[in-house]
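Read through the structure below, which is laid out as structure tokens, and then see the notes.
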Amino acid sequence: MVAVVLLVTSSGGSGALAGVLGACITAPHLLGPFVARPLDLARDGRKVIAAACLLYATALTAGVLTYGHAPAVLTGLLLAAAGTCGPLLTGGISSRLPAIVGPRPRLRAQRRAQGWDVATYGIGGTVGPSLVAALSGWVSPTAAALALAVGAAAAAGGILLLPFTAPSHGGDRSAILRPGATLALIARTGPLRRTVYLTMIVALSVATLPITAVHMTKILGIEPATAAVLTAAYGLGNLTGSIGVMVFPLTGDPDRLMRRLALGVVAGLLTVTASPAFAVTASAYALTGILNAFFFASTLAARTEYAPSGARSQVFIWVAALKITSGSAGTALAGSLTGVTVRLPLVAGLLAVSAAVVVATVETRLTRADEKRP
């Protein structure tokens with residue numbers, strides 16, 4: 001999305017057009033659950049993800065090269081085609097984790113592998129924009145976007161090197177749930193339901209941080225450009241947290257871990273809100289990034305352990321799609337609330353996460369009480 005926005009703005013395009021074309025990359029992630037079923041149906045899911053990588057690379061290349069030489073609508077459609085493949089490149093790859101770890105892994109090994117998975121998101125989220133910024137400055141935004149397309153194409157080969165997993169349907173494709181049925185399964189399965197709404201609300205809350213960083217420079221009395229330092233501190237914290245999960249794998253029940261670590265994110269947001277000076281704010285951003293990485297690892301553990309084998313890919317992608325959508329909503333919310341007061345998005349976020357944890361805790365206790373009844 002950064003590459004697309006730079007491509008438009010550097011050529012004199014309007015901010016509105018840059019926003020619309022950027023949204024063409026992210027918005028189609030909501031369609032992820034509807035493209036996920038072929039992953040569960042396929043005899044070899046690796047080929048589905050590899051094909052998605054190649055289609056992503058092709059559509060992104062075509063979209064970038066047509067910009068300025070064809071109607072913007074065509075460029076938008078091509079970028080949307082790339083965005084539709086996005087969920088298979090995120091949640092789809094994460095769903096292969098059990099096959100990589102092995103059929104009967106020790107819990108510690110499985111959790112460490114989930115830490116590695118979290119790290120790939122952290123590294124990608126840090127290296128990707130940095131690469132785009134560097135290539136845009138040295139060559140052009142077009143070259144930066146094309147480099148990303150080459151990376152996606154190369155990833156197709158890497159996907160095929162992952163261990164093969166026999167299809168969970170055992171030849172009976174009718175056993176694979178459809179997207180609506182998968183969502184209904186998530187809604188009626190307590191741990192999966194809690195995974196979804198905790199993931200969504202935490203994503204919405206932390207998505208306010210980059211927008212808030214820009215406006216907090218005013219009340220901290222520093223240059224607006226320093227907001228990049230705060231955002232980088234969050235990214236570095238997220239990457240540090242990912243490494244922490246690898247070195248010290250999470251232990252315990254994922255359902256409980258999610259609630260506790262979501263409260264950790266609340267503590268980080270509260271620290272950002274109350275910080276009186278730039279150094280404290282930067283540290284608070286880094287702390288929130290660390291805690292969010294641990295929370296993300298707990299949601300991966302929950303998806304792995306609570307999703308039925310016949311719908312695991314769809315569950316992973318449903319959660320990933322809803323997370324990205326919720327993050328986009330958080331960015332929009334922050335943009336509107338900062339007009340009222342700078343810290344309002346942070347306060348709204350930490351209150352929302354706290355409320356979600358309370359609901360999840362009450363729900364869990366009621367379920368346990370029902371199970372104990374004769």
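The values are calculated or read from the model by the stated rules, or taken from the named source; none is laboratory data. Predicted model, so just to flag it, every value in this text is computed and none were measured. Cβ sites come from the backbone with ideal geometry, for glycine too, and all protein chains shown count toward neighbours.
Structural remarks
- Residue 328 passes every criterion in (1) within 21 Å of residue 84 (Cα to Cα); (2) at pLDDT 80 or above apart from (2).
- Qualifying positions in the stretch 1-16 - buried (at least 19 other Cβ atoms within 10 Å of the Cβ) and not β-branched (Val, Ile, Thr): 3, 6, 7
- Count of residues meeting criterion [surrounded by fewer than 19 Cβ atoms within 10 Å (Cβ to Cβ) and assigned to a strand (DSSP E or B)] in the stretch 55-83: 1
- Number of residues in the stretch 308-321 that are within 18 Å of residue 85 (Cβ to Cβ), out of contact with any His (no Cβ under 9 Å at 6 or more places or on another chain) and not β-branched (Val, Ile, Thr) equals 4.
- Of all the listed residues (37, 43), the sole one being assigned to a helix (DSSP H, G or I), in contact (Cβ under 8 Å) with a residue 60 or more places away in the chain, over 13 Å from residue 152 (Cβ atoms) and basic (Lys, Arg) is 37.
- Residue within the stretch 277-292 that is surrounded by fewer than 24 Cβ atoms within 10 Å (Cβ to Cβ) and without any contact (Cβ under 8 Å) to a residue 12 or more places away in the chain present: yes
- The listed residue being among the aliphatic types (A, V, I, L, M) and without any contact (Cβ under 8 Å) to a residue 24 or more places away in the chain, out of 333, 300, 261, 344: 344
- Exclusive hit being hydroxyl-bearing (Ser, Thr, Tyr) and surrounded by fewer than 18 Cβ atoms within 10 Å (Cβ to Cβ), set 189, 217, 195: 189
- Annotation note: Cβ proximity below 9 Å between a residue of the stretch 64-75 that is outside the structural domain of residue 16 (by TED's automatic domain parsing) and closer than 13 Å to residue 142 by Cα and a residue that is of a type in the set (Lys, Arg) and assigned to a loop (DSSP other than H, G, I, E, B) (sequence gap 6+ or interchain) occurs for no pair.
- Flag: residue 287 does not match the condition of being in a helix (DSSP H, G or I) and within 30 Å of residue 24 (Cα to Cα).
- For the stretch 346-361, the set of residues classified as in contact with a Ser or Thr (Cβ under 6 Å, 6 or more places away or on another chain), at pLDDT below 95 and more than 15 Å from residue 275 (Cα to Cα) consists of 349 only.
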